[in-house]
Each structure stands twice: as structure tokens, then as C-alpha cells.
1. Relative to the longest principal Cα axis of the chain, at what angle does helix 255-286 sit, 0 to 90 degrees, rounded to 10?
2. Between the range 166-180 and the range 63-112, what's the alpha-carbon centroid distance in Å?
3. Report the Stokes-Einstein translational diffusion coefficient (µm² s⁻¹, integer) for the range 331-379, Rh taken as the Kirkwood radius over Cα pairs, at 37 °C with viscosity 0.692 mPa s.
4. So what is the relative contact order for the range 254-345, in percent, with contacts set as C-alpha pairs under 8 Å and at least six apart?
5. Quick check for me: using +1 on Lys/Arg Cβ and -1 on Asp/Glu Cβ, what's the dipole size of the chain about its Cα centre, in debye to the nearest 20?
6. Using a ≥ b ≥ c from the Cα gyration tensor of the range 16-263 (square roots of the eigenvalues), is it rounded, prolate or oblate, where a/c under 1.5 gives rounded and otherwise the larger of a/b and b/c decides, a/b for prolate?
7. What distance in nm separates the two pseudo spin-label positions at His289 and Gln79, each 7 Å out from Cα along the beta-carbon direction?
8. What does the extension gain come out to for Met196 and Arg30, with contour length at 0.36 nm per residue minus their alpha carbon separation?
Amino acid sequence: MPTKNRLELAADSWDHREVRALNEVIRSRRFTMGPKVLAFEQAFAKKIGRKYAVMSNSGSSANLIGIASYFFRKKRPLQAGDEVIVPCVSWATTYYPLHQYGLKLRFVDVDLETLNYHLPSLERAITRKTRMIAAVSILGNPCEFDPILALCKKHGLYLFEDNCESLGARYRGKPTGTFGDVSTFSTFFSHHISTMEGGLTCTDDFETYCLLRSLRNHGWTRDQDPGSPIFKKRPRDFFEAYRFILPGYNVRPGELQGAVGLVQLKKLDHFVAVRRKNAAHFQALFAGHPTFIIQREIGESSWFAFTFIVRPELPFSRERALPHLKRAGIHYRVVTGGNFLRHDVAKYVDLVDTGSKNADLVHDRGFFVGNHPFDIRREIDLLHKALSKV
Ligand SMILES: Cc1ncc(COP(=O)(O)O)c(C=O)c1O
């Protein structure tokens, strides 16, 4: 709920309905992954328009098993040494699984207004070794999927879609998270729906779905669907309960998360509508602002947050803005993770930097403040007032 005269980065969106769902699980005494998780997966897939969804314990885990699944496909698997294109601005765990599976990461600059791929740079970055593009719709703002899909088609590339920040967004009327052959979502506390911790990996491909279910769960066969193409069932097999076929993980969610996910999913449309209403107010106040560049919407953003970049031509940076926000009780953070290449961890990653001028500006001159699934137009007025002093 909103706090008086303050704008936090995130706030709890649970009410008595989530509490009731949690209590139901507690009464059932079934806490480990089971029917609630399955029901949530099916409802989630239906809601966003994908055939399959596999829930895990975080968006990062959703990325991990999503990337892993490409390495165990029967046809055209990814292999260590292949190249993948990534945007300079994203969350750290977009990149880690790519690195951990031995891919070479080609970093491409972002557009200073949309904060998604700078499309001419993306096209230039493709080489003969490129096998995949990782598309990340930043802070609710859909990527330009038409030109990205055209590049994938032209060069025979996979499209991996990290949609962890953009549940509820649409590009040409189609939900984000339905464009990649594998797409991921996060249901962490601050996201569009919240199970506190949680993530989903989605696909329309049955083999990939079977791989994801095994990879999430020790790499075993136990909860494979009938007709799974990734192993052959043996009659009367003593090892059936503990039969390992893939080098997987245990990244299962629990029933509590599944049960809350079902309740939150019913609220998604309302949450996104309210976020968009807040955003309309934000845009009306800040469009064409002389000091800040705000995020330019592509399609229909689900407005995770509101971003500001101090215009590069100005002789001062965000340091001038932050004390005003602090005084007004408005919380802020660097935009997603800023430029990943500027973080210490980048030294461990096999990468090529194809240019990151705009990502550096985001890193050095940018910040975001929170949007919420309740009316914060008054707080946005406060934000406007605070930043007018800069
Ligand atoms: C783009 C992106 N990918 C992945 C993640 C990881 O999600 P989680 O925090 O649920 O692990 C995040 C987290 O916010 C994210 O922003």
C-alpha cells in the first residue's frame, strides 16, 4: 500500500486472498511442488498465450534452465564456443547462464530512449558464429520484436527472451514473453505479480518443455509427461523413481508460491491497467523535459518503473538530482544493472564489447524510481516537484 508522501521502489500487493491461499496450502500439509504449482503453470501459460510454462524458484533459475534447455535439444543444440548477442543493459543473471554454458557474449549497445537494443548496432554485431539473440524488454518496455525476429530468420538464430521485467506488456497487441522460442518471467517481490520468490520458463515446443521439467528437478525422469521424447520409459524399472538423464538442478518452487501465483495472476490485468494509468500521468509531466530523457514506450509497456537519464549535453549529472529525491522520500536505483560491462564480474566472462556509449550514459547519468499497481499520481506530482529543483 502507498505510504504517505513517499515513493518506494516496490510494495506488497497481497491482501486477504493471498493469505487465504497460503492457509489452504498449510492446511493441506502439501508444501513441496505439487498440484498448486501445476495449476499455476497451466493458468500462466494460458494467460500469456504459450503452450507450456515451467515454474522455478526465481527468474534467475528460469533463465538458467531456459538456457540449459538449448544445449540438450536433439536438433541444432547450442554448443560451447557459440556466440550469443546480449544487450549491455540487463540484469546480471541474464548473462550468467550464457557464460556458465561456455557461450561467447557479444555485447550490443542500447538505445538511449527505449533502453532496449540499439537496432543498427544489433544488426552489425551478428557474425558467422552467432547462434542466438537474447532479447530483454527493459522495465516493462517491449523490444522491437519485428526487426529482431527478421534478423533471427535471416541468420537462422534462436531468440531467447528474458521477459523478467515485462510481464503484461504487449508488442503489436501480442504479449511479450511469447516471441522467443524460450521466454522467462520473474515473480519476485517487486515484479508485476509476486510470489515473493519465483520464476517461469515458457515455450511452445514439447521437447523443450520436457527438458525444462527435468532440468528443474535433479535432471530426473520422474515427472515427465507421457510421450516425453527425451527418454525411453523401461518396463518395471527399479530406477524409475531415481533415473537421471540430464545434468540438471533442483530449482523447484514450493506449493505456497504456486497457490499465491494463482491469486496474483487473476489481478494481473488490473495491476497493469493501474501501472499504465500512473505512467500516463508520468509521461504528461515529464515528456520533453529539459533535464531528463525518460523511457520512450514501444507498443504497450507494463511500466515496471520510471527512468530518468540526465541529458548528455548538460554539464552536470544525476548527483544533482539525487539529494532532492532523498529529501522528498523518493527511492531510486540504477537502471536495471546499468552497463554490465562496468561491473567487476565482467572480467570472468568471455565477451566482445561492440560499443557501449549509450549504456555508459545510462550507467553514469541514469536512475529509476518505482511504479506500483495502485494509484501513485500524487506521488508522481511530488516527484515532478522534487526534480524541478534540479
Ligand atoms: C531482466 C531480468 N532477468 C532476470 C532477473 C532475475 O529474476 P529474479 O530476481 O526472480 O531471480 C531479473 C530480476 O529482476 C531481471 O530484471
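All of the numbers you see were taken from the coordinates with simple rules; none came from a lab. Because the structure is a prediction, the values reported are computed rather than measured. Cβ coordinates were reconstructed from backbone atoms using ideal geometry, including for glycine residues, and neighbour counts include every protein chain displayed.
1. Value to nearest ten degrees: 20.
2. Rounded to whole Å, the Cα centres lie 20 Å apart.
3. Rounded, D is 254 µm²/s.
4. 19 percent
5. Charge dipole of the chain: 660 debye, to the nearest 20.
6. It is oblate, given that a/c is not under 1.5 and a/b is not larger than b/c.
7. In this crude label model, His289 to Gln79 measures out at 5.0 nm.
8. Length difference between fully extended and current span is 57.9 nm.
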